[in-house]
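The values are calculated or read from the model by the stated rules, or taken from the named source; none is laboratory data. Predicted model, so just to flag it, every value in this text is computed and none were measured. Note that we place each Cβ from the backbone using ideal geometry, even for glycine, and neighbour counts take in every protein chain shown. We work out accessible area using only protein heavy atoms, side chains counted, and drop any ligands, DNA or RNA first. Shrake-Rupley method; radii C 1.70, N 1.55, O 1.52, S 1.80 Å.
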Amino acid sequence: GAFLALLAAIALLHALLVVTTSRARDLAVLRALGATPRQAGLSVVAMAVTTAVVGIAGGVPLDCALSRLLWGEVARSIGVQDDVLVPWTLVLVAVGTVVGAALVAVVPAWRAARQPVGPALRAV
């Protein structure tokens, strides 16, 4: 599980770095229209948190449904009780995922906030 969490964090970091690089002009337009560097950085953090929330909103119900279905089949075939309990730690994992996504976004947000506006707007 820890390896998959690390892999997800690296994938999110890579995606944010690519997005901030490819959308440098859009961030520069925001800055030219009056957004502060902090607001430009927070937009990157918002992207990361949104990605995490969408993943949780889709993944947790799917996980619960599949575990009930699959464990129900296995339990019936071996003759044991087929109750599936959803652990309360799932809430902690969801909150940890959102916090982790915000922490992963710190470096891309810092890069987006420190990007000079003029050269990004002159680039075609």
LEU62 accessible area, assembled protein chains, probe 1.4 Å, Å²: 100
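Calculate for the chain the 222 nm mean residue ellipticity that helices alone would give, adding -39,500 (n - 2.57) per DSSP H run of length 4 or more and normalising by residue count, nearest 500 deg cm²/dmol.
Working: 6 runs with 103 residues, N = 124.
Here the helix-only value at 222 nm equals -28000 deg cm²/dmol.
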Model label zone, GLN81; criterion: amide N under 17 Å from point 7 Å along Cα-to-beta-carbon; scope the range 30-72: 68, 71-72
Gyration tensor verdict on the range 67-116 (Cα atoms; rounded if a/c is under 1.5, prolate if a/b is larger than b/c, oblate otherwise): prolate
Shape of the range 1-115, Cα gyration tensor, a/c cut at 1.5: prolate
Exposure of THR51 as accessible area (Å², to 10), given a probe of 1.4 Å and all protein chains: 80
Karplus 3J(HN,Hα) series, Hz, for the range 39-53 with 6.51 cos²θ - 1.76 cosθ + 1.60 (x for Gly, Pro): 5, 5, x, 5, 5, 5, 5, 5, 4, 5, 5, 4, 4, 5, 5
Relative contact order for the chain, counting Cα pairs under 8 Å that sit 6 or more residues apart, in percent: 49
Residue-by-residue Karplus 3J(HN,Hα) for the range 79-94, coefficients 6.51, -1.76, 1.60, Hz, glycine and proline x: x, 10, 5, 9, 6, 10, 9, 8, x, 5, 5, 4, 5, 5, 5, 5
